[in-house]
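What follows is calculated from the coordinates using simple rules that are stated; it is not laboratory data. These numbers come from a predicted model, not from an experiment. Positions of Cβ are backbone-derived with ideal geometry, glycine not excepted, and every protein chain shown enters the neighbour counts.
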Amino acid sequence: MAEPLSAPMKGKGNRVLQCAIAVTGIMSTLLVYGILQEKIMRVPYGINKEYFRYSLFLVFCNRIMTSAVSAGVLLASKKSLDPVAPIYKYCAISVSNILTTTCQYEALKYVSFPVQTLAKCAKMIPVMVWGTFIMQKKYNGKDYLFALLVTIGCAIFILYPASADITAYNTGRESTIWGVSLMLGYLGFDGFTSTFQDKLFKGYDMEIHNQIFYTTICSCLLSLTGLILQGHLLSAVDFMFRHQDCFYDVALLSTVATVSQFFISYTIRTFGALTFATIMTTRQLVSILLSCIWFAHPLSWKQWIGAAIVFGSLYTKSFLRSKPQKPQPHAPGPNASSGNDNS
């Protein structure tokens, strides 16, 4: 009689183990990614206190590693490397994703990581806007209410900082106007990226690593071209030769960014976009707290209220869904990350 009961118990145990792997993988890689991102862009290197200013070079390094790994996965699984969709559609995702990531890195020159991380939570609104235009989706009043609450919470967090920033890593370049402008650019481009990815997955029978490979290959070529035209390629390489600790930081940043892609794909395939969105919300909260501790960012009581509004709204939205989303084997849902450095 014990045998019929053992199978469900074993299946449940495997499910718990799979969830633990997904949570651990996403949280660990993206937390390390967040710390390295802030360190590279905001902490000076060397005796002369030089700042790394080549955000497009970080995009290039991340994409070249991701494209190599995704090609290896496709070859190891004996899947075709041929493009499934027209190349220009991969390029559209690539261009918007490069702009997204560049805005993300550049914003760190002007605002702190906690401000940037919380502002990312407001991506629901641009996703809804792009979803309406590109996918002809319709959203109910509850979706708009939660999006409004998150936006209000983000606005409180950004507009009411602590009166004195005591951090030793204050760059002296802080500018709320420039920082917010870049974050608005990030949100707009990121919303387009994830929505167009969704459209591409649904329009073609596309394996997720096929899209990653061609999107990142396009990103490599575009970011390399941008570096050459700006004259920043040799300057960035020279900077890392002069500061080996920066080289190690960039190499580790690219590694954890690549590894996180596979944990993200695994989580969405296995548990669906709703579970993934909940994990990502928790990760953002932990990232803010960790950054405040690691880089000594003070938070005002109004910022704590803003953060509570944002995360309270996101968790409530997740738990109040009457019909949980089915696991989506191809594309993330409207609240999920687009997968390339946008988390």
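Using a 10 Å cut-off on Cβ atoms, rank the peptides 54-64, 233-243, 32-42 from the highest mean neighbour count down. Provide the component values of the computation, followed by the final result.
Working: 54-64: 24.0, 233-243: 15.4, 32-42: 21.4.
Descending mean neighbour count gives 54-64, 32-42, 233-243.
What does the highest-first list of 221-231, 77-87 look like by mean Cβ count within 10 Å?
Numbers: 221-231: 15.3, 77-87: 11.7.
Most protected by this proxy first, the peptides run 221-231, 77-87.
Of 89/137; 39/123; 138/199, which ones are farther than 22 Å apart at the Cα?
Numbers: 89/137 20 Å; 39/123 24 Å; 138/199 15 Å.
Pairs exceeding the cut-off: 39/123.
May I ask you to evaluate 6.51 cos²θ - 1.76 cosθ + 1.60, the Karplus curve with θ = phi - 60°, for each residue of the range 81-90 and list the ³J(HN,Hα) values in order in whole Hz, giving x for glycine and proline?
In residue order, the calculated couplings are 8, 5, x, 8, 10, x, 4, 5, 6, 4 Hz.
What residues qualify as long-range amide H neighbours of residue 300, i.e. H under 5 Å apart, gap of 5 or more or another chain, H built at 1.01 Å from N?
Close amide H contacts, sequence-distant or interchain: 162.
List, in order, the whole-Hz ³J(HN,Hα) value for each residue of the range 223-237 obtained from phi through the Karplus relation with A = 6.51, B = -1.76, C = 1.60 and θ = phi - 60°; use x for Gly and Pro.
Once θ is set to phi - 60°, the couplings for the range 223-237 become 5, 5, 4, x, 5, 5, 5, 7, x, 9, 4, 5, 5, 5, 5 Hz.
What is the list of residues in the range 13-45 whose amide nitrogen lies under 12 Å from a point 7 angstrom out from the Cα of residue 251, following Cα to Cβ?
Nothing falls inside the zone, counting backbone N under 12 Å.
In terms of modelled amide H atoms, which long-range or inter-chain residues lie less than 5 Å from the amide H of residue 50?
The list, which skips near neighbours in sequence, is 45.
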